Amino acid sequence: MTLNEIKQALDQGKSVYWSNPAYYVHKDKLGQYLITFAPNGSTIGLTWKDGITLNGKEEDFYIVGGQK
C-alpha cells in the first residue's frame, strides 16, 4: 500500500497492519499516523521525518477485514 492508500484507509476507519497483526497502524489524537507493536506498545511514526518515506516496504502494509 502507498502512503496515501494507508492514510485513506485509516481515515475511513479500516484496520491497517504492517508486516504482521502485531504491528497495527493508527492515527492518534494529534493527527499523527503511527505504527505500534501491540505486545509492548512500542510506537514509531508511519514515515520518516520527511513525512514521505514509509517506515516499511509498501508491500508489507495491508488491510484486514472492513471497518474497525
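Coordinate-derived values only; no laboratory data. Only a predicted model underlies this, so the values are computations on that prediction, with no experimental measurement involved. All Cβ positions, glycine included, derive from the backbone under ideal geometry; neighbour counts span all protein chains shown.
Ellipticity at 222 nm from helices only: DSSP H runs of n ≥ 4 in the chain, each -39500 (n - 2.57), divided by the residue count, give -3500 deg cm²/dmol.
Under 27 Å Cα to Cα from K49, which lysines show up? Leave out anything in the same chain fewer than 8 places away. Counting by Cα, and skipping residues close in sequence, K49 has these lysines nearby: K7, K14, K27, K29, K57. Taking all Cα pairs closer than 8 Å and separated by 6 or more residues, the relative contact order of the chain comes to 37 percent. For the pair A38 and K14, label points projected 7 Å from Cα toward Cβ lie 1.9 nm apart. Across region 23-32, computed HN-Hα scalar couplings (Karplus, 6.51 cos²θ - 1.76 cosθ + 1.60, θ = phi - 60°) run 9, 9, 9, 8, 10, 8, 5, 8, x, 7 Hz from first to last residue, x flagging Gly and Pro.
For the pair K27 and E5, label points projected 7 Å from Cα toward Cβ lie 1.8 nm apart. Dipole check for the chain: with +1 at the C-beta of Lys and Arg, -1 at the C-beta of Asp and Glu, and the Cα centre as origin, the magnitude is about 240 Debye.
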